[in-house]
Amino acid sequence: MSLLQAISVFVVALLFFGLARRRNPRVHIPVMLTAFAADVALVLYIELSRGAIETAVGPTPTIMKIHIFFSVTTVVLYVVQIVTGARRYRGRGGKYHKETGIAFIAFRLLNLVTSFLIETHG
C-alpha cells in the first residue's frame, strides 16, 4: 500500500466515523468537512505531482477510466453533500442529503477500491 492509498483509507475511515456521528452535528460536520479537505488536498497533490488530468485525457487503461469516473462523481457528490448538509443544518431543507449521502459513500468506496487496482508510482 502506498502512502497515498493509506491516506485515502484514512479519509474513508474518517467518513465512516462522521457518518456514525450524523445525529450529532457538532461532531458530524467538522469531521466530514475535514475528510473533504483531506480528499481535496490529496487530489491536488496527485494532480500537481503526476499530472492526473493529462493522464486522464490520454490513452488510459479501462480500470483507470473507471477510477476517474468514480473520482469525478465523488467530487461532485461532495459538493452536493456540503450544499444539502448546510441547508439541512440551517433548517431550510436538505431534503436529499441522506439519499445523496448513500450514493456519495458508495462512489467514494468504489474510488478507494479502484485505486488499488491501478498501477501507480507511489
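All of the numbers you see were taken from the coordinates with simple rules; none came from a lab. These numbers were taken from a predicted model, which means no experiment stands behind them. Here the Cβ is made from the backbone with ideal geometry for all residues, glycine too, and neighbour counts use every protein chain on show.
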**Message:** Pairs of alpha-carbon atoms within less than 8 angstrom and 6+ residues apart define the contacts here; what relative contact order does the chain have, in percent?
**Reply:** 28
**Message:** Just to confirm a number: summing +1 for Lys and Arg and -1 for Asp and Glu over residues other than residue 4 whose beta-carbon lies under 14 angstrom from that of residue 4, what do you get?
**Reply:** -2
**Asked** Which of 46, 20, 68 sits farthest toward the positive end of the charge dipole of segment 1-82, with +1 on the Cβ of Lys and Arg and -1 on the Cβ of Asp and Glu?
**Response** 20
**Message:** From the C-alpha coordinates alone, can you work out the Kirkwood hydrodynamic radius of the chain, in Å?
**Reply:** 15.1
**Asked** Is it possible to state the helix-based mean residue ellipticity at 222 nm for the chain, with each DSSP H run of 4+ residues giving -39500 (n - 2.57), the sum divided by total residues, to the nearest 500 deg cm²/dmol? What is it?
**Response** -27000 deg cm²/dmol
**Asked** To the nearest 10 degrees, how steeply does helix 97-115 sit against the main Cα axis of the chain, on a 0 to 90 scale?
**Response** 20
